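Taken together, the values in this text are just the output of simple stated rules run on the coordinates, not laboratory data. From a predicted model like this one, the values you see are computed outputs, not experimental measurements. Here the Cβ is made from the backbone with ideal geometry for all residues, glycine too, and neighbour counts use every protein chain on show.
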Amino acid sequence: MSQLSRDEVAHLADLARIDLDAAELDHLAPQLNVILEAVASISGVAGDDVPPTSHPIPLTNVFREDVVVPGLTAEQALSGAPEAEEQRFRVPRILGDEQ
């Protein structure tokens, strides 16, 4: 695997809009190379006979059936509200007229 150069790290930092000085670039380049080597070593572990998985333990769908049930009417929902207006909850204004 190729090593990241100082210029490539500077380019990545520029793309990420991270301002790095020369000392930080010299410090980060070897660290990023170690990370890339670790990722490459993981890629080599899985063979063609190992299926890709998203979780180490097989999971089954635990969702319940989507059954329509009657809900509250507007009057029932608003019965416990401190204030209601035009079949809606009335709440205090939190934004001024500038919005």
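Please list, by residue number, everything in the range 22-56 whose backbone N is under 16 Å from a paramagnetic label point 7 Å out along Cα→Cβ of Ala13.
22-33
Which value, in debye to the nearest 20, gives the size of the charge dipole of the range 6-45 about its Cα centre, when Lys and Arg are +1 and Asp and Glu are -1 at the Cβ?
Result for the range 6-45 is approximately 200 debye, rounded to the nearest 20.
What does the charge add up to near Val91, with Lys and Arg as +1, Asp and Glu as -1, over the other residues with Cβ less than 15 Å from its Cβ?
Surrounding charge for Val91 is 0.
Which value in nm describes the separation of the simple spin-label points at Ala22 and Arg6, placed 7 Å from the Cα toward the beta carbon?
0.7 nm
Given only helices, namely DSSP H runs of n ≥ 4 each adding -39500 (n - 2.57), what is the per-residue ellipticity at 222 nm of the chain, to the nearest 500 deg cm²/dmol?
Taking each H run of at least 4 residues, the total per residue is -12500 deg cm²/dmol.
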